[in-house]
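Following: one structure in structure tokens, then a few remarks.
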Amino acid sequence: MKRIYLDHAATTPVDPRVLEAILPYLGEHFANPSSIHSFGRENRKVIKDARAVIAGEIGAAEPSEIIFTGSGSESDNMALRGIAAAYRNRGNQIITSAIEHHAVYDTCKALEKEGFELTIVPVNREGIVNPDDLINALTNRTILVSIMHANNEVGTIQPIATIGKLLRERNILFHTDAVQTVGSIPVNVKELSVDLLSMSAHKFYGPKGVGALYVRKGVKLVPLIYGGGQEHNRRAGTENVAGIVGMAKALSLANSELEQNMTRISALRDYLIDNLLSGFEHVRLNGDRNRRLPGNVNFSFEFLEGESLLLNLDLKGIAASSGSACTSGSLEPSHVLLAMGICHEIAHGSLRLTLGKSTTKEEIDYLLEVLPEIVTKLRAMSPIYNSERKECSTCTLTR
Ligand SMILES: *Cc1c(COP(=O)(O)O)cnc(C)c1O
């Protein structure tokens, strides 16, 4: 049977060139980078080089602005908690958006329980934050704004550079969760005017279990993990040398091949979107038609359950996702789709297909070939489709 992976927003396979770079550090180059002996010093140098590579790839001024972490989630937690604790004397308000990944959203909610004032700005129908709403939400108590660069479910790209400029003028710290954009589209911390930026290696063909947080020089951060003096006393724990080497290699490869991958993948994405919109009835595209990640396609099939679609595609060897990987398995519809004003029924019918650098046109054609029979079969079994089939008045999205 065919095996077609269309879930690159959840994770990506390790690039063989990255794997090759990693292997020595799982084998003979195993030393603890904090050790004084030459074995240790060699690995200390390797981490130093990887830090410089990553700093360079995202346009950071200095390598010391990069802190290695254990995941994108940890980077998000570290940014929010680290700033909240360090700047508590300045104020207690944190502002975020309604469509953040749970690593940001749930951390903000936890901080709210601990006494911080949380303001959540809305998004429009396409899932985009209006910078004016954000500026209007600022008070003299605001210590941090956190808005994701691109959304993991619907792929919409936020106006981070515009927001960053407005916040820099007002001297407000700004964090962006760039886990979906680093390695997929150009990301430069200077052009975006961000103070903190999260990334994760396994989203750009690097290994799992390693991420990084960019923290602009001069920005204070209280650590999340105490212990040894690693990462300039900002994140204790013996470094994941192999992971760090893999992340640096993966990011330099991703950026050197960025243009060609963006062009090819977004053309395939548009081909899929056009065919879905023209080939099916009662189907809606979620998220902005153009301001979206090169590989992201998110659809709602009205009168259908996203989960049933996903399971039926799985039977055909196609890996997709309904909502986000983190929310699938729960019966709650995605908070992202609900924040975009999409009603519960339609949010339940959503399906995310995320393309990657190995995705081919043949694979998309196979998907387009098997999808009609699945949709027809499921609709034949759907009581709502066969009885009322009335248009939902609360969510009239672009088609
Ligand atoms: C995947 C993802 C994360 C979490 O990264 P992990 O390394 O899996 O913890 C955070 N934010 C966004 C937008 C993501 O897509």
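The values are calculated or read from the model by the stated rules, or taken from the named source; none is laboratory data. Just so you know, these numbers come straight off a predicted model, no measurement behind them. Counting neighbours? That spans all protein chains shown, and the Cβs are built from the backbone with ideal geometry, glycine included. Remember, those area values only see protein heavy atoms, side chains included, never the ligands or the DNA or RNA. Shrake-Rupley method; radii C 1.70, N 1.55, O 1.52, S 1.80 Å.
Numbers at a glance
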| item | result |
| --- | --- |
| For segment 16-256, accessible area per residue (1.4 Å probe, heavy atoms of protein chains only), Å² | 39 Å² |
| Cleavage-rule hits, chymotrypsin sites (Phe, Trp or Tyr not before Pro), segment 22-101, DSSP coil, Cβ neighbours within 10 Å at most 12 | Phe30 |
| Candidates Gly287, Gly306, Gly115, ranked by Gaussian network fluctuation over the chain, Cα under 10 Å, top entry | Gly115 |
| Among Ser200, Ile273, Ala60 the positive-end extreme of the charge dipole of the chain (Cβ point charges) | Ala60 |
| Estimated FRET transfer efficiency when R0 is 22 angstrom, pair Asn130-Glu191 (beta carbons, to 0.05) | 0.60 |
| Mean shadow area of segment 207-329, taken as a quarter of the surface of its Cα convex hull (nm²) | 11.7 nm² |
| Separation of the Ala319 and Lys109 label points, Cα + 7 Å toward Cβ, nm | 2.7 nm |
| The chain: DSSP helices with Cα axial extent of at least 30 Å and average Kyte-Doolittle hydropathy no lower than -1.0 | 258-279, 361-381 |
| Accessible carbon and sulfur surface of segment 16-256 relative to its total accessible area, %, 1.4 Å | 53 percent |
| Approximate spin-label separation Asp365-Leu26, in nm, with each point projected 7 Å along Cα-to-Cβ | 3.6 nm |
| R0 of 51 Å, Cβ-Cβ distance Tyr226-Met262: FRET efficiency to nearest 0.05 | 0.80 |
| Separation of the Asp270 and Ala85 label points, Cα + 7 Å toward Cβ, nm | 4.7 nm |
| Label zone at Leu338 (point 7 Å along Cα-to-Cβ), backbone N below 16 Å, segment 57-100 | 97-100 |
| Debye, to nearest 20: dipole size of the chain, +1 on Lys, Arg Cβ, -1 on Asp, Glu Cβ | 940 debye |
